[in-house]
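Written below as structure tokens is the structure these notes are about.
The values are calculated or read from the model by the stated rules, or taken from the named source; none is laboratory data. Computed from a predicted structure; not experimentally measured. We place every Cβ from the backbone using ideal geometry, glycine too, and count neighbours over all the protein chains shown.
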Amino acid sequence: MVLKIYQKYLIKEFTMITCKITFIFLILGLIMGLLEELNFFTDFDVKYFYPIYLVLLNVPSLIYEIFPFIFLLSSQFLFLKLLDNGELNTFKNSGLDNLKILKLITLISFIIGLFIVIIFYNLSAIMKFEYLDIKKNFTKDNKYLATITENGLWIKDEVNDKINFINAKKFTINTLSEVDIIQLNKDFEFQNNIKAENVDIKENNWSLFNVKIIDRNNYIRNKDTMGFLSNFNYEEINNLFSNLSTLTIWNLIELKENYISINYSTTDIDYHLQRIIAYPFLITIITALSAILMLNLNYQKPKLFFIILGILLSVIIYYINFFFGTLGKNEKIPLLISIWTPIVILSIVSLIGVVRINEK
């Protein structure tokens with residue numbers, strides 16, 4: 001497809017404005033992140049480049065989260081520039097109506113949105129994982145680890161000079177099932193093998209049921225119940241897997257399969273995946289809504305007014321998404337409805353505005 005001159009011009013202008021606004025937020029993110037990391041490393045003896053390196057790893061995930069706001073502002077500033085230069089009137093006199101401009105801008109947004117999801121998101125997830133992996137070495141939680149694989153839930157825990165390696169075949173609310181615990185001492189010498197059919201992990205003091213204990217001499221003891229102290233409880237384990245922004249799309253799909261294998265809820269993963277799928281559409285509709293508002297407003301107002309308007313609009317959109325997202329994650333409404341309802345609402349508002357833009 002051969003692009004017309006006005007199409008090339010609009011694509012160039014919109015892309016340049018988006019890049020400039022992204023760069024501004026990137027600098028702000030770097031400054032704020034550097035201050036935060038310097039404060040974190042105050043009590044650690046690390047080389048000067050450590051905080052800088054960590055900020056560079058973390059800032060892409062921040063930019064990913066605010067891209068919808070960036071596109072909203074980009075659309076505003078594009079139309080302000082077109083108006084200041086008298087280009088909107090020039091386009092109109094040349095037979096180019098506002099609707100064609102809107103279609104082109106939204107198409108560009110959708111294409112960039114696809115690039116962000118396919119390339120940028122996965123890179124930011126890899127960098128975010130590296131960021132957290134490095135930073136955990138400077139926290140007391142480094143010796144407490146948990147992960148979910150195709151073989152179930154695995155936990156490494158250190159309590160009272162004992163190192164516990166815990167494997168559970170199933171993980172449901174407040175309960176582990178088919179649990180196998182290997183206890184070692186500080187020198188990594190075998191102490192006990194504890195097997196339990198079910199474990200109540202609501203509190204840090206676990207309750208084990210139908211227990212078999214095998215000591216280092218292969219002596220076997222059976223107990224109906226026993227207590228077991230851990231640094232983990234259900235809420236803490238659940239929180240370990242809540243930061244899904246560190247996982248690429250392929251990692252999320254693999255993790256979902258592992259969750260299913262141990263009967264663990266996949267609601268959070270499904271919600272995160274649906275958000276990723278909806279992301280290009282969200283960016284597109286936000287761009288369209290911003291453009292429609294600009295075409296229906298009085299341009300005689302100062303630019304600060306439009307910036308404040310953009311911020312207010314972003315806040316409204318954020319809380320609409322947050323409200324429906326919370327309902328979805330709490331399973332009050334289906335996930336598809338929680339993700340796509342805000343987009344549908346914004347689309348309807350935009351369609352109402354489209355009716356008027358060619359009258360301008």
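Out of all the residues in the range 1-59, which are among the aliphatic types (A, V, I, L, M) and either on the phi > 0 side of the Ramachandran plot or not in a helix (DSSP H, G or I) (or both)? Give the derivation first.
Going residue by residue through the range 1-59, those that are among the aliphatic types (A, V, I, L, M) are 1-3, 5, 10-11, 16-17, 21, 24, 26-28, 30-32, 34-35, 38, 46, 52, 54-57, 59.
Of everything in the range 1-59, those that are among the aliphatic types (A, V, I, L, M) and either on the phi > 0 side of the Ramachandran plot or not in a helix (DSSP H, G or I) (or both) turn out to be 1, 2, 3, 46.
Within the range 254-269, is there a residue that is of a type in the set (Asp, Glu) and in contact with a helix residue (DSSP H, G or I) (Cβ under 8 Å, 6 or more places away or on another chain)? Before you say what the answer is, go through the steps one by one.
First pass over the range 254-269, keeping only residues of a type in the set (Asp, Glu): 254, 257, 268.
When the remaining residues are screened for being in contact with a helix residue (DSSP H, G or I) (Cβ under 8 Å, 6 or more places away or on another chain), the result is 268.
Yes, the range 254-269 contains a residue that is of a type in the set (Asp, Glu) and in contact with a helix residue (DSSP H, G or I) (Cβ under 8 Å, 6 or more places away or on another chain).
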Worksheet item: Got a number for residues in the range 249-284 being farther than 17 Å from residue 65 by Cβ and among the aliphatic types (A, V, I, L, M)?
Response: 5
Worksheet item: Can you name the residue in the range 78-97 that is touching a residue at least 60 places away in the same chain (Cβ under 8 Å) and out of contact with any Asp or Glu (no Cβ under 9 Å at 6 or more places or on another chain) and, of all such residues, is surrounded by the fewest Cβ atoms within 10 Å (Cβ to Cβ)?
Response: 94
Response to the item:
From the option list 346, 327, single residue qualifying as touching a residue at least 60 places away in the same chain (Cβ under 8 Å) and either of a type in the set (Asp, Glu) or in a helix (DSSP H, G or I) (or both) is 346
Worksheet, complete the sentence: When the range 149-174 is checked residue by residue, the ones that are polar (S, T, N, Q) and surrounded by fewer than 18 Cβ atoms within 10 Å (Cβ to Cβ) are 149, 151, 160, 167, 172, 174
Discussion item. Of the conditions (1) surrounded by 18 or more Cβ atoms within 10 Å (Cβ to Cβ); (2) in contact with a Lys or Arg (Cβ under 8 Å, 6 or more places away or on another chain), residue 201 satisfies every one except a single condition; which number is it?
Written reply: (2)
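Just the residues that are among the aliphatic types (A, V, I, L, M), at pLDDT 85 or above and crowded, with 16+ Cβ neighbours inside 10 Å, please, taken from the range 227-248.
First pass over the range 227-248, keeping only residues among the aliphatic types (A, V, I, L, M): 229, 237, 240, 244, 247.
Imposing the further condition that a residue be at pLDDT 85 or above reduces the set to 229, 247.
Residue satisfying the conditions is 247 alone.
Looking at the range 330-341, can you tell me whether even one residue there is farther than 19 Å from residue 73 by Cα, in a helix (DSSP H, G or I), in contact with an Asp or Glu (Cβ under 6 Å, 6 or more places away or on another chain) and in contact (Cβ under 8 Å) with a residue 12 or more places away in the chain? Break it down into steps so the answer makes sense when it comes.
So the first thing to find is which residues in the range 330-341 are farther than 19 Å from residue 73 by Cα, and the list is 330-341.
Add one more test, that the residue is in a helix (DSSP H, G or I), and what stays is 335-341.
So of that shortlist, the ones also in contact with an Asp or Glu (Cβ under 6 Å, 6 or more places away or on another chain) come out as 335.
So of that shortlist, the ones also in contact (Cβ under 8 Å) with a residue 12 or more places away in the chain come out as 335.
There is at least one residue in the range 330-341 that is farther than 19 Å from residue 73 by Cα, in a helix (DSSP H, G or I), in contact with an Asp or Glu (Cβ under 6 Å, 6 or more places away or on another chain) and in contact (Cβ under 8 Å) with a residue 12 or more places away in the chain.
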Fill in: Number of the condition not met by residue 14 [criteria: (1) over 23 Å from residue 292 (Cβ atoms); (2) buried (at least 17 other Cβ atoms within 10 Å of the Cβ); (3) of a type outside the set (A, V, I, L, M)]
(1)
Fill in: Test: residue 244 is closer than 27 Å to residue 121 by Cα and in contact with a His (Cβ under 6 Å, 6 or more places away or on another chain)
yes
